[in-house]
Every structure is written in C-alpha cells, then in structure tokens.
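Input: a single structure, listed below in structure tokens.
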Amino acid sequence: MVAIDPRFRRAYADASWTPFWLDRSDRPAARPALEGDQTADLVIVGGGFTGLWAALQALEDTPGRDVVVLEGERVAFGATGRNGGFCDASLTHGLENGKQRFPTEIERIEQEGHENLEAIAATIERYGIDCSWEDTGSMIVATAPHAIDWCRSAVEHLTAFGYEASFLDRDEVRAEVDSPTYLAAFWKQTGSALVDPARLAWGIAAAADGLGARIHEHSQVTAIDEDDDALVVRTAIGRVRARSVILGTNAFPPVATAIRRYVLPVYDYVLMTEPLSIDQKVAIGWRHRQGLADMANQFHYYRLTDDDRILWGGYDAIYHWNNSVEPRHERRDATYDLLAQQFFETFPQLEGLRFSHTWAGAIDTCSRFSVFFGQEFGGKLAYAAGYTGLGVGATRWGARVCLDLVDDLQTGRTQLSLVRKKPLPFPPEPLRSTGVWLTRRALARADRRQGRRGPWLRLLDAVGLGFDS
Ligand SMILES: Cc1cc2nc3c(=O)[nH]c(=O)nc-3n(C[C@H](O)[C@H](O)[C@H](O)COP(=O)(O)OP(=O)(O)OC[C@H]3O[C@@H](n4cnc5c(N)ncnc54)[C@H](O)[C@@H]3O)c2cc1C
C-alpha cells in the first residue's frame, strides 16, 4: 500500500459533502409529498432525468394527460444531481461499445442518439432552461504510450460515423490544456456537450409542472399492485391508481425486483475545486473548455464549471456487497486521497488549490454498459435502467422508449434489440462480489501492462459480461 502525502487530504479537509450541483441558493423548494388517495393516467417513479424526461415528453405528446411523479427524496437527488455533466449523443456508452454489441443496428442507434442530443438542446432553448449548456465536445487524453495509437484509431472510427474528430500530438494537446502527463489526445468536437445537471433537471421539472404534471417529493414508493385494469402505487401516506407506470429508479433498490439481476450499483467519487484565479487559468490553458477524460480502464473525467472550478471524478469504482446503496458509502477517504493526489499529478501548476466539495453517487452498471428495458403487469409498467456512466443524454431517450412501451406503440425504437433484449444478468452473491473484485484487479493490471487484457478480462469479453463505471 502506498502512503498518501497528508497534503492531499488537507486539500479537501474543509470540503462540503453535499454535491456541488445541489449546494446552490437557487435550489427549488421541495414540492409537497403525496397524501391520500389519488388517480392519474400515468405515474412515474423517480425524479431523476429518466422520470422527469418521461413526464415532460408525456405531456408534450398528449397535453392534458394526468401525470404524477413520485420522488422518494428530492428531485435530482440521485445520479442526476451528482454526475460530471457530460451530455453525449451515444446511447451505448460510446461508439466502440455500441459497434461491438449491436453491430447490425449501430447506424440506426447512432442516428437516434444524435436526434436525442439535438432534442435536449432544443428543449433547453424552448423552455429557456438556464443550465450552462456548452457545445464544447470532449477530449480524451493518452497518458500512457500504448494509448497514443488508440487515439488515432478512435479518430478513424468516429469520423467514419460522421463525427468531427481530430488527433492531437503531445505538443498540440498541451497547447490546448497543459499537463505534463499528456502524450496525445483525440478531440471529439461534435456529439458531446457539457451541462449543469441539477439545473437541467430543475428546469425539466419546472417545464413539466407548467404543462400540468404533479410532482411529489419525499414520496418513497413502497409497493405497486395490480387492481383490475389499473395499477396502484403506494407510499407510506398516499396511493395513486393509474393505467400505467414508468420506473426510473436507476441504481436504487428497485420496486420491480427483476431489475436487480441486471444492475450492479457502483460508487463513483468526485472532487470539485474552488474557482480558479486568473493566474491558475493561464497556467493550464483550457481556453476551449472541452470535457476531458483519460484513456484507461480506470479513468478520470474532468471539466470546468461556469464559474471556472474543475470537477475531477472517476478512477475508483466501488461495489458494496449485495447491491447495497446507502449514504455511508459516500464517505471514502482512501478514494478521495487518491483522487486528490492524481489531480495534482495532472496539474502540478495548481498546487495549493483546494477542493470545496466532495461527493459520490451510485452508477447503475449493467453488463453491456447501456440502457435496457423491461415490462411487468402485462405491459402496464415499463422501466429503463443500466445506463452505466453515460446517462445524462441517454435518459431522455430511455424515457421516450418507456412511453412507447406503456402506450403499446410499435416504433422504430421499440424494434431495436437495444430495447427488446436484456443484458446478461450478473450472478448472485457471493459470486457477484468476487467477480467484481477479480475484474477490478484485472482492469488495473491491464492499465499497468500497456492495456494488455489478461485471461480473466478475455473470458469476460468472450461471454459478453462487462464491469465499468
Ligand atoms: C458520480 C457520477 C458521475 C456521472 N457522470 C456522468 C456524466 O458525466 N455523463 C453521463 O452521461 N452520465 C454520468 N453519470 C450517470 C448519469 O448521472 C445517470 O445515468 C443518470 O443521471 C440516471 O438518471 P436516472 O433518472 O435514471 O437515475 P437517478 O438520477 O439516480 O434517479 C433515480 C431517482 O429515483 C428515486 N427513487 C429510487 N427509488 C425510489 C422509490 N422507491 N420511490 C420513489 N423514488 C425513488 C431516487 O431518489 C432518485 O432520485 C454519472 C453518475 C454518477 C453517479
């Protein structure tokens, strides 16, 4: 075990444990909880991006539809209020993963993804949502020699699919953003934007409110039962009877227990710096404000905020026994120490900068790293989960598909095997924890060995089982 320099822990010692995006004076007041007996056309469980996009699109499709959203905590409490704010066109956790898993449908899926990203931008414009949307693209940097060729081939693959993308050698990438760790990069200039995720979620919620949605916070759903031709959705102090239900509960313990076989909640950790001074900004460059990530199995993602802080997250992906999702998992000094150390290795010129916020969130990893769908109660209930680490954009599409499913619409979307087929399930405990442990070890080893995948990873690749944040 490597000893961590105490300077790194001191750099976040005074940080707030509230996710930066939610720690704002303009956070809307909580909406009242559900009480008593009510009826609706559609009940949506979960006030994250999936649930909110489902509510807004349901009301845009059918004005006057009676839509109720039930959120157990606060709007954007889950991954939606904790993420990096990278909003990508990919519905498949990247083009490469999509090509491998859906080779005959990838063109169609990519087209859906680009239309989806355009529709998100159009919605922000239409409702005047103030969420710092920035069309910056994203730049993936090579910090190990073997990753330089990967950058070149990524450019070929992306441009073949119509993206604007370019290769940057060491000097070119350092002229963009200056880190001594960078050896090369590829910059995907289209198909990826940055956003303030909580403000986007609050804006979608306000737009849905405006069209008549009834959003209830502090309304944890405890059960859903069938009653004749309707479903009854229960909380501790209320219930709603509705023709259809959509679940957007992501990595949280699912009300539809079938989801559990396919989802592995993995904690991902984030540090946010204080705003950079003018001198600090000059020291790193970053004039084009691209979203950044490094090209490794255990990777970091990082970006600037609109007030010039740096959000720095990723690397560790921590799974807890039996799919546990609990606030206590959010405090993990070993991970924050490591993240702080890696931050200053990447930007030594920022020595002395402090972190104002640290937080963590659960990612709904599934074995194919991309959203899957399911239905219960004869099709009256639909769910979307498994976005893994790339759901900020894909959730709008996931919500769109759920609406198709509960409304029994046959569309181009519902024909896709991305919608019809489920990922391979993860095994039950104790095999689940053992498998995650072996995989994490093998991924770290591959990073140390010029990306060469050992026998365990090759076996997982062969059977189509994956683990990623
Ligand atoms: C640290 C981190 C960084 C990430 N970075 C990125 C990124 O940069 N780009 C990207 O594309 N993706 C990223 N992701 C993933 C992305 O945030 C998610 O895919 C997306 O937000 C999922 O939205 P959701 O609505 O499905 O789930 P969530 O936002 O988790 O919402 C689920 C909601 O359901 C509620 N809920 C659960 N159970 C119940 C119940 N029984 N009753 C009522 N309510 C319930 C929860 O309280 C929660 O609010 C990241 C995720 C994390 C955790």
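The values are calculated or read from the model by the stated rules, or taken from the named source; none is laboratory data. On a predicted model such as this, the values are computed, not experimentally measured, just so you know. Note: ideal-geometry Cβ built from the backbone for every residue, glycine included; neighbour counts use all protein chains shown. In case anyone asks, the SASA skips ligands and DNA or RNA and just uses the protein heavy atoms, side chains included. Shrake-Rupley method; radii C 1.70, N 1.55, O 1.52, S 1.80 Å.
Rg and Dmax of segment 1-62, both derived from C-alpha coordinates alone, stand at 20.5, 59 Å.
Summarising the strand pairing of the chain, around 70 percent of its internal DSSP beta bridges are antiparallel. So what's the net charge close to Gly203: Lys and Arg +1, Asp and Glu -1, counting the other residues with Cβ under 12 Å from its Cβ? Here the charged neighbours net out to -3. Could you tell me how many degrees, from 0 to 90 and to the nearest 10, lie between the Cα long axis of helix 106-127 and the main elongation axis, the longest principal axis, of the Cα atoms of the chain? Approximately 80 degrees, to the nearest 10. Straight-line reach from Lys281: which lysines fall under 24 Å, measuring Cα to Cα and dropping same-chain residues less than 8 apart? Of all the lysines, those that pass the test against Lys281 - Cα under 24 Å, at least 8 places apart if same chain - are Lys188.
Counting pairwise Cα distances across the chain, what percent come out greater than 29 angstrom?
47 percent
Calculated accessible area for segment 103-161 comes out at 50 Å² per residue, all protein chains present (probe 1.4 Å; ligands, DNA, RNA ignored).
Taking all protein chains together and a 1.4 Å probe, the residues Thr346, Thr222 rank Thr222, Thr346 from largest to smallest accessible area. Ordered by solvent-accessible area of protein heavy atoms (1.4 Å probe), largest first, the residues Ile237, Ile124 come out as Ile237, Ile124.
Taking amide H positions as modeled 1.01 Å from N, with prolines and chain starts lacking one, the residues under 5 Å from Glu164 and 5 or more places away or on another chain are Gln189, Thr190.
Segment 124-202 and segment 422-446 have Cα centres separated by 29 Å. Val141 exposes around 0 Å² of accessible area when a 1.4 Å probe is run over every protein chain in place. Summarise the accessible area of the chain (1.4 Å probe, protein heavy atoms) by the percent that is carbon and sulfur. Solvent-exposed carbon and sulfur of the chain make up 52 percent of the total.
Calculated [222 nm] ellipticity per residue, helices only, for the chain: -10000 deg cm²/dmol; basis is -39500 (n - 2.57) per DSSP H run with n ≥ 4, divided by all residues, nearest 500. Please work out whether segment 269-310 counts as rounded, prolate or oblate from its C-alpha gyration tensor, where a ≥ b ≥ c are the square roots of the eigenvalues and a/c under 1.5 means rounded, while otherwise a/b larger than b/c means prolate and anything else oblate? Prolate, since a/c reaches 1.5 and a/b exceeds b/c.
Taking Cα atoms only, the orientation of helix 333-346 departs from the longest principal axis of the chain by about 50 degrees. Please state the shape class of segment 1-123: rounded when a/c is under 1.5, otherwise prolate if a/b exceeds b/c and oblate if not, all from the C-alpha gyration tensor. Since a/c reaches 1.5 but b/c is at least a/b, the shape of segment 1-123 is classed as oblate. Accessible area per residue for segment 256-352, computed on protein heavy atoms with a 1.4 Å probe, is 39 Å². Specify whether the C-alpha gyration tensor of segment 81-167 places it in the rounded, prolate or oblate class, a ≥ b ≥ c being the square roots of the eigenvalues: rounded for a/c under 1.5, otherwise prolate if a/b is larger than b/c and oblate if not. Oblate, since a/c reaches 1.5 and b/c is not below a/b. How tilted is helix 197-210 with respect to the longest principal axis of the chain? Cα atoms for both, answer in degrees (0 to 90, nearest 10). Once rounded, one gets 20 degrees.
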